[in-house]
1. Among the listed residues A63, A18, which satisfies the condition of being of a type in the set (G, A, S), at negative phi and at pLDDT below 90?
2. Does I43 count as among the hydrophobic types (A, V, I, L, M, F, W, C), loosely packed, with under 15 Cβ neighbours inside 10 Å and under 20 Å from P78 (Cβ atoms)?
3. How many residues, within the range 49-63, are surrounded by 10 or more Cβ atoms within 10 Å (Cβ to Cβ) and either of a type outside the set (G, A, S) or within 9 Å of the chain's Cα centre (by Cα) (or both)?
4. Hey, does the range 33-54 have a residue that's assigned to a loop (DSSP other than H, G, I, E, B), closer than 17 Å to I13 by Cα, in contact with a Gly (Cβ under 8 Å, 6 or more places away or on another chain) and at pLDDT 90 or above?
5. Mind telling me which of the residues S75, S79, S66 ends up being exposed (fewer than 12 other Cβ atoms within 10 Å of the Cβ), in a loop (DSSP other than H, G, I, E, B), touching a residue at least 40 places away in the same chain (Cβ under 8 Å) and not acidic (D, E)?
Amino acid sequence: MSVDTPPLRKLNIFHLAAREVTVTTAGVPNVEYIFQTSTDLDIWTSTAVTASATGELTMTVAAPESDAKCFYLYSYAPSE
(Lines give C-alpha, C1' and ligand atoms only; values in the text may rest on other atoms or scores of the structure.)
Protein backbone atom coordinates (compact mmCIF):
# COMPACT_ATOMS: atom_id res chain seq x y z
CA MET A 1 0.00 0.00 0.00
CA SER A 2 1.23 3.48 -0.86
CA VAL A 3 0.24 6.67 0.92
CA ASP A 4 0.86 10.09 -0.56
CA THR A 5 1.80 12.69 2.00
CA PRO A 6 1.68 16.42 1.28
CA PRO A 7 4.94 18.35 1.44
CA LEU A 8 5.83 19.92 4.78
CA ARG A 9 4.93 23.62 4.82
CA LYS A 10 7.26 26.11 6.39
CA LEU A 11 5.94 28.80 8.73
CA ASN A 12 7.79 32.11 8.40
CA ILE A 13 7.79 34.70 11.18
CA PHE A 14 8.97 38.23 10.42
CA HIS A 15 9.54 40.72 13.25
CA LEU A 16 8.28 44.22 12.42
CA ALA A 17 8.64 47.54 14.15
CA ALA A 18 6.24 48.49 16.95
CA ARG A 19 6.17 45.01 18.51
CA GLU A 20 4.41 43.21 15.66
CA VAL A 21 5.13 40.00 13.78
CA THR A 22 3.88 38.77 10.42
CA VAL A 23 3.33 35.02 10.19
CA THR A 24 3.17 33.52 6.68
CA THR A 25 2.89 30.08 5.10
CA ALA A 26 1.58 28.45 1.93
CA GLY A 27 -1.99 27.22 1.62
CA VAL A 28 -4.57 26.47 -1.05
CA PRO A 29 -5.56 29.56 -3.07
CA ASN A 30 -8.79 31.27 -1.94
CA VAL A 31 -9.47 28.76 0.86
CA GLU A 32 -10.40 29.85 4.38
CA TYR A 33 -8.15 28.85 7.28
CA ILE A 34 -8.06 29.57 11.00
CA PHE A 35 -5.00 31.38 12.38
CA GLN A 36 -4.40 30.71 16.08
CA THR A 37 -2.06 32.13 18.71
CA SER A 38 -1.28 30.96 22.24
CA THR A 39 1.19 31.84 24.96
CA ASP A 40 0.70 28.60 26.92
CA LEU A 41 -0.60 25.97 24.43
CA ASP A 42 -3.77 25.78 26.55
CA ILE A 43 -5.76 28.89 25.63
CA TRP A 44 -5.88 29.77 21.93
CA THR A 45 -7.14 32.90 20.14
CA SER A 46 -8.56 32.23 16.67
CA THR A 47 -9.01 34.45 13.60
CA ALA A 48 -10.37 33.46 10.19
CA VAL A 49 -8.07 34.21 7.26
CA THR A 50 -8.43 33.43 3.54
CA ALA A 51 -5.42 32.44 1.45
CA SER A 52 -4.57 34.81 -1.41
CA ALA A 53 -5.08 33.91 -5.08
CA THR A 54 -1.50 32.56 -5.04
CA GLY A 55 -2.12 30.52 -1.86
CA GLU A 56 -0.20 32.70 0.60
CA LEU A 57 -1.52 32.93 4.15
CA THR A 58 -0.46 36.09 5.98
CA MET A 59 -1.40 37.41 9.41
CA THR A 60 0.14 40.31 11.33
CA VAL A 61 -0.28 40.25 15.12
CA ALA A 62 1.17 41.86 18.23
CA ALA A 63 4.49 40.33 19.24
CA PRO A 64 4.81 38.82 22.72
CA GLU A 65 6.72 40.59 25.46
CA SER A 66 10.52 40.25 25.15
CA ASP A 67 10.75 37.32 27.57
CA ALA A 68 7.41 35.68 26.67
CA LYS A 69 6.71 32.84 24.28
CA CYS A 70 4.04 32.73 21.61
CA PHE A 71 2.90 29.82 19.47
CA TYR A 72 1.31 30.20 16.02
CA LEU A 73 -0.84 27.78 14.05
CA TYR A 74 -2.75 27.81 10.76
CA SER A 75 -5.43 25.15 10.35
CA TYR A 76 -7.90 24.35 7.59
CA ALA A 77 -11.43 25.57 8.20
CA PRO A 78 -13.82 23.21 6.40
CA SER A 79 -17.11 24.76 5.32
CA GLU A 80 -20.19 23.49 7.08
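The values are calculated or read from the model by the stated rules, or taken from the named source; none is laboratory data. Values in this document were obtained by computation on a predicted structure and should not be read as measured data. Every residue, glycine among them, receives a Cβ derived from its backbone with ideal geometry; neighbour counts consider all protein chains shown.
1. Details: A18 fails: at negative phi.
A63 is the lone residue from the list that is of a type in the set (G, A, S), at negative phi and at pLDDT below 90.
2. Here the answer is no, as I43 does not meet what is asked.
3. Residues meeting the conditions: 8.
4. Within the range 33-54 (the criterion being assigned to a loop (DSSP other than H, G, I, E, B), closer than 17 Å to I13 by Cα, in contact with a Gly (Cβ under 8 Å, 6 or more places away or on another chain) and at pLDDT 90 or above), the answer is yes, since at least one residue qualifies.
5. On the way: S75 fails: in a loop (DSSP other than H, G, I, E, B); S66 fails: touching a residue at least 40 places away in the same chain (Cβ under 8 Å).
None of the other options fit; the residue is S79.
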